[in-house]
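Worksheet: one structure, shown below.
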């Protein structure tokens, strides 16, 4: 047998040359590709030859078998990527299949939140106000112009985003908004670093929120102090105000942040003062509410505190509340403390031999003391 490495180029080409009239000149195929016209002619010949071959029943059967196998292989390949990770279409399908919550269910979810009594009452009053406006409209009665854009003022961790999400679904449930989604952004989601790009970036963010609520956290960062120079935040504000006016029937904007900076932010632009005339003040959680939030976190993760650990936690949150300052994080501080406890607990339990279920669930005083020092 002749060594394949020693074959001439012509012999190799002959071995590789398939049958079929349209391939007789394959050796000169590189010349065919020399011009577009020649390539088109080659494609036509290939189409004609393939069509004639498909008239053969045996070839048709073989082709169908190959196609079927290719489809099965493709399905298996997709499955092997990650069986636990749904594809985009599956995610959309699951999202669409989820039943929408009713107004009663959403109000119940609102009531279950710790504290926020004044916020809950304001939201309920706002929903009643909107419902009556729709009833008047249905009965041919006039309604005075009103703005539903809002200011959420308060320290971090007081539930502003959570309430905004519930409110967006409530507005969808009573027909004020067409979609009811909540789009969260901050300055970085609206402002670009070059001239002309901020308007585009802001427009994209607003467009994604149409039919729902655009929630702008730390919105005061868009309006820098006087003398800050040519800041692109002003361009974002101008674009935002125009799009709010153009889409006032199917868009609600909520601006959020610390109380005093938000007051300065609203007063910095006449357009804001006329549109954001509803203020919801989110007060800090007191020590008992902080402890309740902590207990909910423990319960959801099936952690149980010993009696002395419970007493320590109460004292810890009392001190946290009494000594709070401008940077007080409310529920965020609670979560940080809880996560530190879980870390300390894991370090302790990992050193034990023959773990029991109690070892994995019980939090002791020492865990809290070490977490407080972190």
Exercise. Can you pull a Stokes-Einstein diffusion coefficient for region 103-282 at 37 °C (0.692 mPa s), Rh from Kirkwood over Cα pairs, as a whole number of µm²/s?
Key: 195 µm²/s
Exercise. Send over the per residue convex hull volume for region 101-207, Cα only, as a whole number of Å³.
Key: 136 Å³
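Could you compute Rg(Cα) / (2.2 N^0.38 Å) for region 287-373, with N its residue count?
Numbers: Rg = 13.1 Å, N = 87, 2.2 N^0.38 = 12.0 Å.
Dividing the Cα radius of gyration by 2.2 N^0.38 Å gives 1.09.
With a 10 Å radius around each residue's Cβ, average the other Cβ atoms per peptide and rank 345-351, 123-129, highest first.
Working: 345-351: 12.6, 123-129: 14.6.
Going from most to least packed, we get 123-129, 345-351.
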Quiz prompt | Pairwise label distance in nanometres, residue 204 with residue 359, each label 7 Å out on the Cα-Cβ vector | solution = 5.1 nm
Quiz item: So, in Å, what gap is there between the alpha-carbon centers of region 284-299 and region 95-134?
Solution: 22 Å
Quiz item: In Å and whole numbers, how far do the C-alpha atoms of region 175-280 stretch along each principal axis, longest first?
Solution: 44, 30, 20
Self-check item: Centroid-to-centroid separation of region 149-198 and region 303-328 [C-alpha atoms, Å]
Solution: 31 Å
Quiz prompt | region 103-282, relative contact order in percent, only Cα pairs under 8 angstrom and at least six apart counted | solution = 30 percent
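Quick check: residue separation of residue 339 and residue 109 times 0.36 nm, minus the Cα distance between them. What number comes out in nm? It would help to have the intermediate numbers written out before the result.
Numbers: separation 230, 0.36 × 230 = 82.80 nm, distance 2.48 nm.
The residue 339-residue 109 span can extend by a further 80.3 nm.
Read-outs: derived from the displayed coordinates by stated rules, not from any lab. Predicted model, so just to flag it, every value in this text is computed and none were measured. Because the Cβ atoms are built from the backbone with ideal geometry, glycine has one as well, and the counts that use them run over all protein chains shown.
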